[in-house]
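Student: Can you read through this structure? Questions will come right after.
The values are calculated or read from the model by the stated rules, or taken from the named source; none is laboratory data. Quick caveat, the model's predicted, so the values are computed rather than measured. Cβ atoms come from the backbone with ideal geometry, glycine included; neighbour counts cover every protein chain shown.
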Amino acid sequence: MSDRHRAPVIGVTACKRESSFGPWNLEAVILPSGYTTAIEEAGGKPLLLPPGCCPSLLDILDGLVVAGGPDIDPSLYGEAPSEHISLAHPDQDVSESDLIRAAVERDIPLLGICRGMQLMCVVHGGKIHQHLPETPGHEEHGGWDGDVTEHGVQTVEGTHLHSIMGANVAVNSTHHQGVFDPGSLSVSAHSSHDGLIEGVERTDKRFCIGVQWHPERIGHVGLYRALVDAARGS
């Protein structure tokens with residue numbers, strides 16, 4: 001539904017969490033406001049997509065952000081869960097996978113963040129390290145379980161991500177899982193200190209990028225701006 005004279009509508013996936021509403025604790029559809037702020041600053045209009053929503057919603061969207069969140073069910077990549085897995089609602093895994101497939105099929109600009117990047121890889125036949133602190137070579141990768149650390153990332157020359165972010169990027173780390181196998185996606189970035197895959201993309205689409213870090217938390221609005229520009233048809 002692209003129209004160069006209006007702000008592109010960017011769908012962004014949200015999670016279900018128990019939240020406090022005055023005296024009540026109720027399950028709510030929630031999303032950190034950093035996502036919607038980054039989309040707005042980049043010139044888009046954010047629209048929250050709850051778990052369980054159907055791909056037909058893409059009819060009203062110009063772009064899609066698959067946000068971070070809980071762990072992906074390892075059965076989606078053929079493994080049993082380790083003791084460290086914190087599972088999402090099953091409807092979230094299913095609906096976000098369906099949204100990714102539909103966005104790719106329609107060539108709707110897509111940005112995967114953290115869990116979103118990991119799910120993009122799983123949808124494309126990839127696999128995940130279930131717990132980096134117990135994965136040889138990645139034991140000291142970075143912060144997780146509420147801790148946040150920073151490290152460098154090197155992008156791959158010639159990739160879309162490289163053209164947006166440059167060769168070297170300082171990123172945040174807030175995850176205990178990581179991509180082991182990107183499936184049919186192309187790797188576009190690695191962490192500088194341990195080589196973990198930090199960026200993936202599809203080269204046959206207008207904009208189809210996943211990153212392991214949270215750009216909306218560290219001022220990387222340029223990545224969201226590139227998504228919005230692609231959604232606008234620029």
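Student: Hey, any hits in region 42-49 for a residue that's closer than 27 Å to His160 by Cβ and in contact with a Ser or Thr (Cβ under 6 Å, 6 or more places away or on another chain)?
Tutor: For region 42-49, residues closer than 27 Å to His160 by Cβ and in contact with a Ser or Thr (Cβ under 6 Å, 6 or more places away or on another chain): present.
Student: If I ask for residues that are touching an Asp or Glu at 6+ places or on another chain (Cβ under 6 Å) and either modelled with pLDDT of 95 or more or within 19 Å of Lys205 (Cα to Cα) (or both), which ones from region 120-149 would you list?
Tutor: Of everything in region 120-149, those that are touching an Asp or Glu at 6+ places or on another chain (Cβ under 6 Å) and either modelled with pLDDT of 95 or more or within 19 Å of Lys205 (Cα to Cα) (or both) turn out to be Gly126, Lys127.
Student: Restricting region 11-49 to residues that are assigned to a loop (DSSP other than H, G, I, E, B) and touching a helix residue (DSSP H, G or I) at 6+ places or on another chain (Cβ under 6 Å), which is nearest to Val211 (Cα to Cα)?
Tutor: Applying the filter and picking the extreme gives Ala42.
Student: Here is a further query. Condition test on Ile85, is it over 23 Å from Tyr224 (Cβ atoms) and in contact with a Pro (Cβ under 9 Å, 6 or more places away or on another chain)?
Tutor: yes
Student: So how many residues does region 50-75 have that are closer than 15 Å to Leu227 by Cβ and either over 16 Å from the mean Cα position of the chain (by Cα) or not small (Gly, Ala, Ser) (or both)?
Tutor: 6
Student: Something else: Does Gly116 qualify as being surrounded by fewer than 18 Cβ atoms within 10 Å (Cβ to Cβ), touching an Asp or Glu at 6+ places or on another chain (Cβ under 9 Å), part of a helix (DSSP H, G or I) and at pLDDT 95 or above?
Tutor: Spelling it out, it is not the case that Gly116 is surrounded by fewer than 18 Cβ atoms within 10 Å (Cβ to Cβ), touching an Asp or Glu at 6+ places or on another chain (Cβ under 9 Å), part of a helix (DSSP H, G or I) and at pLDDT 95 or above.
Student: Can you name the condition, by its number, that Leu161 falls short on among (1) of a type outside the set (Phe, Trp, Tyr); (2) part of a strand (DSSP E or B); (3) surrounded by 19 or more Cβ atoms within 10 Å (Cβ to Cβ); (4) modelled with pLDDT of 95 or more?
Tutor: Only one criterion in (1) of a type outside the set (Phe, Trp, Tyr); (2) part of a strand (DSSP E or B); (3) surrounded by 19 or more Cβ atoms within 10 Å (Cβ to Cβ); (4) modelled with pLDDT of 95 or more is unmet by Leu161, namely (2).
Student: So is Ser75 free of Cβ contacts under 8 Å to residues at least 24 places away in the same chain, on the phi < 0 side of the Ramachandran plot and in a helix (DSSP H, G or I) or not?
Tutor: The answer is yes for Ser75.
Student: Another question, if that's okay. Step by step: first the residues of region 81-100, then only those that are at pLDDT 90 or above and of a type in the set (Gly, Ala, Ser), then the one that is surrounded by the fewest Cβ atoms within 10 Å (Cβ to Cβ). Which residue is that?
Tutor: This residue is Ser97.
Student: Okay, moving on. Taking only region 41-71 into account, find how many residues are surrounded by 16 or more Cβ atoms within 10 Å (Cβ to Cβ), among the acidic types (Asp, Glu) and farther than 16 Å from Ile113 by Cβ.
Tutor: 1
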